[in-house]
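Right, one structure below, let's go through it.
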Amino acid sequence: MNDVSVSGLAERIARVEARVRRACEEAKRDPGSVELLPVSKRQPLELVQEAWRLGYRRFGENYVQEGTAKASAFAEAAFLLLGPLQRNKTRPALAHFREILSVDRLSLAQRLATQAAELDLTRPIWIQVDLWEEATKEGGCSEEALAPLLESVRREPRLPLTGFMALPPPGFPEAFQQMARLREAWQDRLGLPLRLSMGMSEDLEAAIAAGSDQVRIGTAFFGAR
Ligand SMILES: *Cc1c(COP(=O)(O)O)cnc(C)c1O
């Protein structure tokens with residue numbers, strides 16, 4: 001074996017890292033302040049392990065079952081849950097994922113808090129926000145439902161609040177500005193720093209320009225699914 005990987009993973013990663021760096025330069029942001037989170041859904045574990053050897057330690061997964069299987073087989077890596085979470089999967093989600101980015105309703109947050117105490121676990125969570133209800137069907141908390149959800153979550157020491165995750169409709173970069181304003185408003189209101197997870201393969205530049213702290217990259221990182 002020589003240094004050129006058969007999968008082409010190292011080359012794809014170099015390209016996407018360069019995109020992140022350039023976007024940070026243009027936005028006059030420190031490149032170290034933006035996390036590139038590889039999204040490994042529907043990708044084989046071997047590719048995750050190859051990314052691990054190239055320095056990546058945290059991976060986003062969409063499905064509880066698939067992520068749980070990967071986390072069990074490769075315990076060194078940290079898997080983060082990005083996809084919709086049903087109430088009957090909260091316990092395995094807490095057990096196997098280090099962070100949950102798709103908390104979007106009060107009943108789910110309360111169930112996670114109860115079970116985190118039972119399992120004696122602490123799991124940083126992000127609130128998935130959907131300001132564009134007509135456009136996306138992926139879940140997410142509406143603007144009206146946000147206040148009671150945040151007030152409840154901030155009282156749960158087992159679920160430290162990290163920030164907001166968003167999956168805006170494609171081709172609508174103003175969505176990132178809306179998220180940035182929402183973050184500002186809630187940081188002031190809660191007196192807490194809040195991170196923004198937004199931007200994917202197609203639109204990471206616009207997300208970074210608007211202030212995203214974490215871009216979640218599937219296709220541009222691992223290749224087609
Ligand atoms: C699949 C997915 C991503 C990555 O999408 P790409 O377009 O492949 O980069 C990011 N976030 C979520 C929530 C996803 O489901």
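Computed over the stretch 135-225, the range of Cα coordinates on each principal axis works out to 41, 27, 24 Å, biggest value leading.
Arg12: net charge of surrounding residues, Cβ under 14 Å, Lys/Arg +1, Asp/Glu -1, itself excluded?
Values: positive: Arg15, Arg19, Arg225; negative: Glu11, Glu17, Glu50.
With Lys, Arg at +1 and Asp, Glu at -1, the neighbours total 0.
Close Lys pairs in the chain (alpha-carbon distance under 21 Å; sequence gap of 8 or more, or different chains): 5.
Ranked for footprinting exposure by Cβ neighbours inside 10 Å, fewest first, Phe79, Phe59 give Phe79, Phe59. Computed from backbone phi, the HN-Hα couplings of the stretch 56-64 come to 8, 10, 10, 9, x, 10, 9, 10, 4 Hz, rounded to whole numbers (Karplus: 6.51 cos²θ - 1.76 cosθ + 1.60, θ = phi - 60°; Gly and Pro given as x). Cα-Cα pairs above 22 Å in the stretch 1-133: how many percent? Tail of the P(r) past 22 Å holds 47 percent of the pairs.
Less than 13 Å Cβ to Cβ from Ser33, Lys/Arg counted +1 and Asp/Glu -1: what total charge do the surrounding residues give? So the surrounding residues net to 0.
In the chain, how does Rg compare with the Kirkwood Rh, expressed as the Rg/Rh ratio over alpha carbon atoms?
0.96
FRET efficiency for the Ala73 to Glu17 pair, using the beta carbon distance and R₀ = 25 Å, is estimated at 0.40. Compute the distance from the alpha-carbon center of the stretch 75-136 to that of the stretch 1-67, in whole Å. Centre-to-centre (Cα) distance: 22 Å. Looking at the stretch 1-79, the GluC sites (Glu not before Pro) that sit in a DSSP loop and have at most 16 other Cβ atoms within 10 Å of their own Cβ are Glu76.
Each residue in Asp213, Asp120 was given a count of other beta-carbon atoms within 10 angstrom of its own, and listing them fewest first yields Asp120, Asp213.
From the Cα gyration tensor of the stretch 97-182, with a ≥ b ≥ c the square roots of its eigenvalues, which class applies: rounded if a/c is under 1.5, or else prolate if a/b is larger than b/c, or else oblate?
In terms of gyration-tensor shape, prolate.
Readers should treat all values here as calculations from the given coordinates under stated rules, not as data from a laboratory. All values reported here derive from a predicted model rather than from experimental measurement. Note that we place each Cβ from the backbone using ideal geometry, even for glycine, and neighbour counts take in every protein chain shown.
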